[in-house]
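Asker: Here's a structure for you.
The values are calculated or read from the model by the stated rules, or taken from the named source; none is laboratory data. All figures in this text were calculated on a predicted structure; none of them were measured in a lab. Note that we place each Cβ from the backbone using ideal geometry, even for glycine, and neighbour counts take in every protein chain shown. These area figures cover heavy atoms from the full protein model, side chains too; ligands, DNA and RNA do not enter into them. Shrake-Rupley method; radii C 1.70, N 1.55, O 1.52, S 1.80 Å.
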Amino acid sequence: MTRLYIGLIGAIALAGAALQPSLSRAQSNNDISYNAAMRIFRIDAAGTTYAFGINNVDELQPVYWGPQLATNDHFPATHEKPEAAAFDASVTTTPNEYAGWGGGLYVEPALKVTFPDGNRDLVLHYVSHQIHQNDLVITTKDIERSFYVELHYSVDPHTGIIGRSAVITNGTQAPVIIEQAAAASWSLPRGDDYSLRYLTGRWAGEWGLQKQTIRPGETVLQSKRGSTGHQNNPWFAIERGEHADEDTGEVWFGALAWSGSWRITVEQDQLQQIRVTGGFNPFDFGYKLLPGQHLETPVFYGGFSKDGIGGASRLLHRFELTKIVPNAPNPRPRPVIYNSWEATGFNVDEPGQEALAEKAASIGVERFIMDDGWFGQRKDDHAGLGDWYVNQQKFPHGLKPLIDKVHALGMDFGLWVEPEMVNPNSDLYRKHPDWVLNFTGRPRTEQRNQLVLNLARTDVREYVYGFLDNLLSHNQIAFLKWDYNRNWSEPGWPAVAPDEQKAVYVKYVRNLYSILQELHTKYPNVEIESCSGGGGRVDLGILGLTDEVWPSDNTDPFDRLRIQDGFTYAYSPGVMMAWVTDSPNWVNHRTTSLTYRFLSSMQGSLGVGANLNQWTSTDFATAKAMVEAYKRVRETVQHGSLYRLVSPRDGSEVSVTESVSLNRQQGVLFAFLHSSQMGYPFPRVYLRGLDPGKDYRISSISGSVASDSPEVASGSYWMNHGLDIDLRGDFQAAAFRFDETNTNTHP
Ligand code: DGJ
């Protein structure tokens with residue numbers, strides 16, 4: 001009976017997984033094993049071992065997570081920990097892979113439910129497991145009720161990153177309310193010398209890297225906003241001890257693949273056990289599960305690096321590019337783009353866009369993107385969202401003449417959309433005022449004069465998919481910039497029963513994912529950018545379905561150094577769009593040279609967003625040379641290994657990054673000087689990641705090195721002797737390429 005049922009819920013889970021950003025699949029057979037005598041599961045991959053056991057009371061108990069152990073190392077069988085005091089029963093002192101709230105548990109539970117008879121006690125015991133290549137599925141069940149949780153583990157053999165999620169199935173005869181559901185709890189080795197890093201920010205000021213000592217208690221990282229949010233990003237890294245640089249030390253890290261309200265808690269309990277639990281945000285959560293129904297959590301990815309936080313981010317970048325993004329494992333390089341937003345605002349029209357397209361093509365731009373303003377009665381942000389037909393005054397002949405022109409200039413064409421929003425001043429809202437998130441009879445709080453469509457509704461989902469399908473099938477569009485310019489308020493769903501309304505937190509995001517998936521299937525060559533007023537929706541969930549993200553509306557090239565630095569702790573430069581815009585910049589009114597702006601943007605995926613109508617012939621010549629130089633290094637910058645050599649944080653006067661191609665044949669160095677002081681020279685730069693035994697020729701992308709610097713030297717020389725860069729002044733920048741010379745003179 002039990003076996004049959006497990007098979008059934010396994011099948012349901014697989015069907016559900018089609019709409020999920022996928023758990024990674026791996027090739028080798030040997031990464032997950034089970035020792036039946038000791039009842040120990042062990043996952044070994046890429047220098048990491050993760051192990052847990054089925055203990056004497058049939059609970060899943062973490063054993064080890066860290067550097068890879070020898071294959072003949074055997075873990076002893078697990079036993080529940082004793083009661084520590086009358087106040088801490090065994091259930092709370094024993095680490096648990098996925099704890100139901102029940103039996104006197106005081107530490108963070110993974111799952112909390114209410115049964116209709118008022119019972120809120122849930123104790124999950126191991127029932128069975130299956131290993132398929134690099135996927136492990138363990139079925140657990142409540143000690144008394146037909147309430148099942150499948151725990152899914154999947155390991156990437158190349159990075160050792162493990163994806164964990166849970167499928168919760170109600171096998172009882174009555175509805176159950178899920179009040180809190182995590183994807184996973186990660187347990188670190190017991191200790192008290194850990195520090196936590198996480199990312200915080202706000203609109204136009206995202207990606208601030210925070211560091212704090214982990215102390216007894218709980219730190220909560222979260223979004224209650226309906227989407228990922230600018231304020232916190234669902235990523236963490238935990239480092240043991242203090243280290244001289246960011247490429248040494250042990251680091252445990254993780255990222256949650258979810259674009260709705262989320263929560264990650266980082267806890268040091270009363271016995272110095274460190275636990276990180278993440279999944280749906282329990283705030284205002286209440287998912288009703290009818291008999292036979294299941295709820296699948298997002299995937300919470302976790303990994304370990306012995307090469308410091310630098311190594312952790314390189315593992316994550318590799319994982320994102322080879323396992324997460326839509327064209328993984330071979331993501332297409334990001335084209336050099338032009339975007340009209342900062343040049344024109346909402347004032348787009350056919351002649352204006354065509355003039356910009358001509359100028360963009362002349363500097364080597366590969367994709368021309370028309371931003372906001374082309375549709376409905378859109379003159380500013382007060383009207384038009386929801387009315388996705390071409391504005392006749394601005395484009396009397398539709399989009400075709402502009403798109404043809406862009407193609408004739410040798411570029412492909414991209415278009416801005418904001419599918420999930422509506423202005424009250426729109427035909428759509430006048431026709432369907434009930435389509436927005438709202439509580440009956442309550443105010444509908446506008447932000448940027450717009451409301452959020454309730455994408456959880458089937459009719460809204462069909463409308464949104466329908467207009468996008470129509471746009472893409474009638475126009476040769478290669479790219480959509482998918483914007484999302486506010487967070488939720490009054491998140492009601494009056495069309496369904498009161499006890500079903502809170503499912504909006506899950507169903508909205510699932511429908512968003514399903515639209516993106518369906519578009520990707522039907523239009524596999526169309527690429528999509530996730531933008532949310534800058535970096536408000538960047539996470540591994542949306543990245544599974546979009547090709548790039550917009551990290552921030554702040555395009556000031558100096559601010560961007562910090563923004564981009566923070567971004568790369570969690571996400572790859574290969575998805576990080578960075579535009580060269582006008583100077584003085586609108587954010588800080590800071591004046592910088594065009595070269596400085598280019599070099600700042602060339603650290604990621606290069607775009608241009610300046611008003612080209614105001615450029616001089618010298619500007620065009622500079623831009624053309626920079627775009628050409630970028631194309632020669634973009635594979636390395638976008639898909640290589642990133643080393644953050646000198647941080648721009650904490651008021652640093654300098655910052656330096658280096659990218660090394662995966663075959664180590666090319667290195668690319670970017671150096672920035674905020675302001676010279678006391679005439680000190682630029683600090684010597686020690687490269688990393690090159691092959692010490694190969695020779696590399698240095699060539700300048702911009703700027704010069706000390707006059708006695710060699711043109712060709714070994715990787716060892718560049719890494720150990722270092723490089724002196726000739727940079728002085730304010731807001732100065734330089735960049736260099738290191739190309740292997742093919743002469744293997746240093747065995
Ligand atoms: C916010 C985006 O981040 C900007 O780049 C631009 O597309 C505007 N929205 C358009 O309204």
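Asker: Between THR445 and HIS382, how high is the FRET efficiency from 1/(1 + (r/R0)^6) when r is the Cβ-Cβ distance and R₀ = 22 Å? Nearest 0.05.
Answerer: Numbers: r = 16 Å, r/R0 = 0.72.
After rounding, the FRET efficiency stands at 0.90.
Asker: Between rounded, prolate and oblate, where does the stretch 355-503 land on the alpha carbon gyration tensor, with a ≥ b ≥ c its root eigenvalues, rounded for a/c under 1.5, else prolate if a/b exceeds b/c? Intermediate values should be presented prior to the final figure.
Answerer: Details: a/c = 2.56, a/b = 2.32, b/c = 1.11.
Prolate, because a/c is 1.5 or more and a/b exceeds b/c.
Asker: Additional query: Given the pairs LYS141/LYS211; LYS141/LYS507; LYS400/LYS481; LYS211/LYS306, which are separated by over 28 angstrom at their Cα positions? Display every interim value, and only then the final one.
Answerer: On the way: LYS141/LYS211 38 Å; LYS141/LYS507 25 Å; LYS400/LYS481 18 Å; LYS211/LYS306 19 Å.
Going by Cα-Cα distance, LYS141/LYS211 fall outside the 28 Å limit.
Asker: List the chymotrypsin sites (Phe, Trp or Tyr not before Pro) within the stretch 372-434 that DSSP assigns to loop and that have no more than 16 neighbouring Cβ atoms inside 10 Å. Each step should come with its number before you reach the end.
Answerer: On the way: sites: TRP374, PHE375, TRP388, TYR389, PHE413, TRP416, TYR429; in loops: TRP374, TRP388, TYR389.
Passing sites in the stretch 372-434 are TYR389.
Asker: Quick check on the stretch 425-529: what does the Kirkwood estimate of hydrodynamic radius come out to from the alpha carbon pairs, in Å?
Answerer: Values: mean 1/r = 0.0668 Å⁻¹.
Averaging 1/r across every pair of different Cα atoms and inverting gives 15.0 Å.
Asker: On to the next question. Evaluate the distance, in nm, between pseudo-label points positioned 7 Å from the Cα of LYS431 and of VAL496 along their respective Cα→Cβ axes.
Answerer: Using points 7 Å along Cα→Cβ, the separation is 2.4 nm.
Asker: Would you mind working out the accessible area per residue for the stretch 645-740, using a 1.4 Å probe, and quoting it in Å²?
Answerer: Details: 4260 Å² over 96 residues.
I get 44 Å² per residue for this part.
Asker: Right, something else. Mind giving me the FRET efficiency for SER473 and GLU635? R0 is 22 Å, r the Cβ-Cβ distance, nearest 0.05 is fine. Show your work: numbers first, answer last.
Answerer: Working: r = 33 Å, r/R0 = 1.48.
Step by step, r from the Cβ atoms, then E = 0.10.
Asker: Further, regarding this structure: Considering only the other residues whose Cβ falls under 10 Å of the Cβ of SER165, what net charge follows from Lys and Arg at +1 and Asp and Glu at -1?
Answerer: Working: positive: ARG164; negative: GLU150, GLU296.
Net of charged neighbours comes to -1.
Asker: Can you give the log10 of the normalised intensity I(q)/I(0) at q = 0.11, 0.13, 0.15 Å⁻¹, computed with Debye over equal Cα scatterers of the stretch 245-367?
Answerer: Once normalised to I(0) and log-transformed, intensities are -0.73, -0.87, -0.95.
Asker: OK, next. Less than 10 Å Cβ to Cβ from ILE528, Lys/Arg counted +1 and Asp/Glu -1: what total charge do the surrounding residues give? List each step's numbers first, then the result.
Answerer: Details: positive: LYS481; negative: GLU527, GLU529, ASP547, GLU548.
For residues surrounding ILE528, the net value is -3.
Asker: Can you grab the distance from the C-alpha centre of the stretch 392-417 to the C-alpha centre of the stretch 133-160, Å, no decimals?
Answerer: 49
Asker: Considering only protein heavy atoms and a 1.4 Å probe, what is the carbon-and-sulfur percentage of the accessible area of the stretch 645-740? Write down the numbers at each step before the final one.
Answerer: On the way: 1940 of 4260 Å².
The nonpolar share, carbon plus sulfur, comes to 46 percent.
Asker: Please go through the stretch 508-586 and write out the GluC sites (Glu not before Pro) that DSSP classes as loop and that have at most 10 other C-beta atoms within 10 Å. Spell out each step's value before the answer.
Answerer: Numbers: sites: GLU518, GLU527, GLU529, GLU548; in loops: none.
Taking the stretch 508-586 and a limit of 10 other Cβ atoms within 10 Å, no loop GluC sites (Glu not before Pro) are found.
Asker: What whole number of Å gives the distance from the Cα centroid of the stretch 479-502 to the Cα centroid of the stretch 223-259?
Answerer: 27
Asker: I need the shape label for the stretch 322-433. Rule: rounded when a/c is under 1.5, else prolate if a/b > b/c, else oblate, with a, b, c from the alpha carbon gyration tensor.
Answerer: Details: a/c = 2.43, a/b = 1.32, b/c = 1.84.
Judged from the Cα gyration tensor, the stretch 322-433 comes out oblate (a/c at least 1.5, b/c at or above a/b).
Asker: Reachable aspartates and glutamates from LYS631, Cα under 15 Å, same-chain residues fewer than 8 places away excluded?
Answerer: Correct list for LYS631: GLU366, ASP739.
Asker: Taking every pair of alpha-carbon atoms in the stretch 645-740, what share in percent sits in each 10 Å bin, from 0 to the bin with the longest distance?
Answerer: 17, 51, 26, 5, 0
Asker: What per residue convex hull volume, in Å³, comes out for the stretch 505-556 when only alpha-carbon positions are used?
Answerer: Details: hull volume 4.0 nm³, N = 52.
Taking the convex hull of the Cα positions in the stretch 505-556, it is 76 Å³ per residue.
Asker: Related question: What does the C-alpha gyration tensor say about the overall shape of the chain? Classify as rounded when a/c is under 1.5, otherwise prolate if a/b is larger than b/c, or oblate.
Answerer: Details: a/c = 2.04, a/b = 1.22, b/c = 1.67.
Judged from the Cα gyration tensor, the chain comes out oblate (a/c at least 1.5, b/c at or above a/b).
Asker: Give or take rounding to whole Å, what are the principal axis extents of the alpha carbon atoms in the stretch 209-304, in descending order?
Answerer: Per principal axis, max minus min of the Cα coordinates gives 53, 32, 21 Å.
Asker: I would also like to ask the following. If you take every DSSP beta bridge fully contained in the chain, what fraction is antiparallel? Give it as a percent rounded to 5.
Answerer: Values: 136 of 164 bridges.
If we restrict to bridges inside the chain, about 85 percent are antiparallel.
Asker: So for the stretch 483-606, Kirkwood radius off the Cα pairs, Stokes-Einstein at 20 °C and 1.002 mPa s: how many µm² s⁻¹?
Answerer: Details: Rh = 16.5 Å.
My calculation gives 130 µm²/s for D.
Asker: On to the next question. Using the C-alpha atoms of the stretch 83-126, what convex hull volume per residue, in cubic angstrom, is computed? Before the final figure, lay out the partial values.
Answerer: Details: hull volume 3.4 nm³, N = 44.
So the per-residue hull volume is 76 Å³.
Asker: Would you compute, from DSSP H runs of 4+ residues alone, the mean residue ellipticity of the chain at 222 nm, taking -39500 (n - 2.57) per run and dividing by the full residue count, rounded to the nearest 500?
Answerer: Per the formula, -6000 deg cm²/dmol.
Asker: Something else now. Determine which lysines satisfy two conditions relative to LYS359: a Cα distance under 16 Å, and not lying fewer than 8 residues away in the same chain.
Answerer: LYS405, LYS624
Asker: Still on this structure: Quick one: check the C-alpha center-to-center distance for the stretch 55-80 versus the stretch 428-478, whole angstrom.
Answerer: For the stretch 55-80 versus the stretch 428-478, the Cα centre distance is 50 Å.
Asker: If one computes P(r) from the Cα atoms of the stretch 578-691, what percent of pairs lie at distances over 25 Å?
Answerer: On the way: 1908 of 6441 pairs.
Looking at the stretch 578-691, the distances longer than 25 Å represent 30 percent of pairs.
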